[in-house]
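Take a look at the structure below.
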Amino acid sequence: MTLASAPPQELSFLESRILGVLIEKEKTTPDAYPLTLNSLSAGCNQKTAREPVIHASDSELQTTLEELRSRLLVLETYGASGRV
């Protein structure tokens with residue numbers, strides 16, 4: 001089965017939140033893109049403009065990012081100053 005013909009997979013809540021934050025930050029703060037794990041954590045856990053408010057740990061975010069990466073939905077990049 002090719003990627004184009006693969007059936008769509010449902011996203012978990014945290015996967016949806018991470019993808020939403022990545023899309024939002026790319027549009028609203030492109031100079032800060034790509035995001036560090038710390039920036040992604042702040043975006044996912046912010047108390048305004050997010051419903052429901054969550055408190056995801058860095059390890060939860062890292063695990064979920066790895067799942068998204070395995071599904072080819074996000075990429076990890078490395079900048080001149082290190083991992084981003």
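The values are calculated or read from the model by the stated rules, or taken from the named source; none is laboratory data. Remember, predicted model here, so these are calculated numbers, not experimental data. Here Cβ is always computed from backbone atoms with ideal geometry, including for glycine, and neighbour counts include all displayed protein chains.
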I'm checking my understanding of the structure. Among residues of the range 10-31 that are in a helix (DSSP H, G or I), charged (D, E, K, R) and farther than 14 Å from Ile54 by Cβ, which one is modelled with the lowest pLDDT? Asp31
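Report whether or not Leu35 is closer than 28 Å to Pro8 by Cα, assigned to a helix (DSSP H, G or I), in contact (Cβ under 8 Å) with a residue 40 or more places away in the chain and hydrophobic (A, V, I, L, M, F, W, C). Lay out the reasoning, then the answer.
Numbers: closer than 28 Å to Pro8 by Cα: yes; assigned to a helix (DSSP H, G or I): no; in contact (Cβ under 8 Å) with a residue 40 or more places away in the chain: yes; hydrophobic (A, V, I, L, M, F, W, C): yes.
So Leu35 fails the test.
Sort through Pro7, Pro34 and tell me the only one that's of a type outside the set (A, V, I, L, M, F, W, C), exposed (fewer than 14 other Cβ atoms within 10 Å of the Cβ) and modelled with pLDDT under 95. Give the steps one after another, and end with the answer.
Details: Pro34 fails: exposed (fewer than 14 other Cβ atoms within 10 Å of the Cβ).
The match here is Pro7.
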